[in-house]
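The values are calculated or read from the model by the stated rules, or taken from the named source; none is laboratory data. Just so you know, these numbers come straight off a predicted model, no measurement behind them. Positions of Cβ are generated from backbone atoms using ideal geometry, with glycine treated the same way; all protein chains shown enter the neighbour counts. Only protein heavy atoms, including side chains, enter the accessible area calculation; ligands, DNA and RNA are left aside. Shrake-Rupley method; radii C 1.70, N 1.55, O 1.52, S 1.80 Å.
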Amino acid sequence: GSLPSELGQLTGMSSDISLYSNLFTHSIPSEFGILTGITSLDLSVNELSGTLPSQLGRCTNFNFNFVISTNLLTGSLPSQLFQMTLLTSYMLMTSNLFTGTVPSQIGLLSKLTRIRLNENSLTGSLPSQIGELTTLGYYFDITKNSFSGSIPSQVGKLSLMTSVFYCSSNQFTGTLPSQLGQLTGLTASFSFSSNQLSGSIPTEFGLL
């Protein structure tokens, strides 16, 4: 069945809501945007569909995670979603049917340590504001989308990355930016395979 909109009446909650691994269908109620006191939301591994309500951006007290992976959600990512500026752990939107571009407001998530947008149908260029996610340390995964254009040099600002930097299976063109050589803390899994990149490998990669 569907998620009851009445959950939005739990306005006094100040912890988290976890409804992962069920059989919920239909859309995420816009009333969830009233839950401004909760700290995290996990709706992963369900059969939710429809678009993400922009009202979720009102949940500015989220300070742990926002997880909606493995559903059937469609449409673009609302820019309001990235007003969850207190998120410190992860934002996981893997394995849905999202389309459109990634809003530049993604750069507002300056405390986040993990982000996964892989296995969707996102398009356009990767916004340069991705370089503002300077606390990312463990996961940056955008594989299996349709991102295009060049890889922004600002990715070199993600100097705390230690593992899993995946940009594979997209449509990126141009050369690899030399600034990637600044990710000297990477100890595992760095991949740009299955794109349309060209040119030479930057000598700065010798620093990795």
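Things to note:
- For the pair the stretch 119-137 and the stretch 14-80, the centres of their Cα atoms are 20 angstrom apart.
- Taking label points 7 Å from Cα along the Cα-to-Cβ direction, residue 51 and residue 36 give a separation of 2.3 nm.
- Globularity index of the stretch 126-208 is 0.98 (Cα radius of gyration / 2.2 N^0.38 Å, N = number of residues).
- Those residues of the stretch 14-42 whose amide nitrogen sits under 11 Å from the label point placed on residue 61, 7 Å along Cα→Cβ: 14-16, 35-40
- Residue-normalised accessible area of the chain, expressed per residue, 1.4 Å probe, Å²: 42
- Total formal charge among the other residues, if their Cβ is under 14 angstrom from that of residue 11, Lys/Arg +1 and Asp/Glu -1: -1
- Heavy-atom accessible surface of residue 164, to the nearest 10 Å², is about 20 Å², with a 1.4 Å probe and all protein chains retained.
- Potential lengthening between residue 186 and residue 99 on full extension [0.36 nm per residue; Cα-Cα distance subtracted]: 28.4 nm
- In order along the stretch 136-148, the Karplus-derived 3J(HN,Hα) couplings, from 6.51 cos²θ - 1.76 cosθ + 1.60 at θ = phi - 60°, round to 4, x, 10, 9, 9, 10, 10, 4, 6, 10, 10, 4, 9 Hz, and Gly and Pro are given as x.
- Simple label model, 7 Å out from Cα along Cβ direction - residue 11 to residue 175, nm: 5.7
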